[in-house]
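Enquirer: Pasting in a structure now, in structure tokens, and then I'll have a few things to ask.
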Amino acid sequence: MFAKINHMAMISPIYPMLANFYEAYFGLKRSGKISRPLNAVTVGDGYVGLNINPLRDGYVGGLDHFGLVVDDIDVVIERARIKFPQASIVKRPSTRPFANFSAHDPDGNIFDLAQKDESDKLVGVYAEQAAQGWNQDRYLNKFAIRTMNAERCADFFQYVFELKPANKPPSASGYHLTDGRVTLSILPWSITIFANMAIKRPGPDHIGFKVENIDAFKQHVETTAGMNPYVAPMRLGGSKEADARKAFLAAEASGKFQMADSGGVWIDVTDE
């Protein structure tokens with residue numbers, strides 16, 4: 001593939017605890033050699049890294065962005081310039097060890113960019129894990145965003161990055177593109193779809209995991225949450241509005257099981 005999703009990122013005031021959460025429930029491993037404890041905690045599945053950043057002044061907590069690594073950054077810039085002039089790409093500060101550039105799609109959804117180059121350390125904090133090349137049964141398989149012009153944004157990622165349409169159930173809304181392993185789900189946003197609950201603004205919506213067996217995973221969740229309440233998932237449902245959010249997520253996510261991490265980020269889980 002010309003491009004692949006190589007990391008996802010979130011912001012939280014409990015970022016060290018969230019690293020424990022993803023390690024305990026999904027088996028993600030921490031980056032060992034490259035440590036940035038004051039800036040973030042990074043865990044990964046050997047293919048995709050999850051960067052968990054501390055909440056700082058002026059920022060909003062929750063799911064934040066994803067990153068792509070591409071064969072040729074100049075091709076990306078040229079394609080975007082010609083067909084999507086409203087989408088911009090800027091050089092990142094040299095202190096960022098996981099992406100060369102930051103960019104946004106036609107609706108302003110932000111993502112990071114790096115060029116594939118084994119000699120280029122900027123390819124990622126995740127390069128250490130990728131070099132080890134391990135495989136695990138539980139891994140990140142989706143990043144979902146909700147945006148006003150979903151079709152236009154899907155066209156952007158398909159044209160500029162050569163992501164391919166993914167097979168999805170007929171009931172799944174939006175557009176779903178894959179790099180062969182990870183799906184980028186681009187879901188429509190409209191204020192009218194948030195009936196009976198608070199309005200969720202456009203932007204990153206949820207992440208997804210593939211697990212080996214959904215029933216075994218559910219049992220693992222119960223056991224792990226009972227062992228340590230500090231890494232227990234945030235509860236879904238329980239009030240009229242919370243029940244509406246839970247039903248909304250289940251209907252839109254397309255997986256077999258939905259949960260939220262300790263910071264409230266939605267997670268869609270499947271074994272297919």
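Enquirer: List pairs: first residue in the range 128-144 and of a type in the set (Asp, Glu), second residue modelled with pLDDT of 85 or more anywhere in the structure, Cβ distance under 7 angstrom, at least six positions apart or on different chains.
Expert: Asp137/Val211; Asp137/Glu212
Enquirer: So Arg245 passes all but one of these: (1) exposed (fewer than 15 other Cβ atoms within 10 Å of the Cβ); (2) more than 23 Å from His7 (Cα to Cα). Which condition number does it fail?
Expert: It is condition (1) that Arg245 fails.
Enquirer: Taking the residues in the range 60-75 that are open to solvent by less than 30 Å² (accessible area, probe 1.4 Å) and more than 17 Å from Thr178 (Cα to Cα) as candidates, determine which candidate is modelled with the lowest pLDDT.
Expert: This residue is Ile73.
Enquirer: How do the helices (runs of 4 or more DSSP H) wholly within the range 121-237 filter down when requiring 3 or more residues that are at pLDDT below 95 and surrounded by 16 or more Cβ atoms within 10 Å (Cβ to Cβ): which remain?
Expert: 127-132
The values are calculated or read from the model by the stated rules, or taken from the named source; none is laboratory data. Just so it is clear, the structure is predicted and the values come from calculations on it, not from any experiment. All Cβ positions, glycine included, derive from the backbone under ideal geometry; neighbour counts span all protein chains shown. Side chains are part of the model used for accessible areas, which takes the heavy atoms of the whole protein and leaves out ligands, DNA and RNA. Shrake-Rupley method; radii C 1.70, N 1.55, O 1.52, S 1.80 Å.
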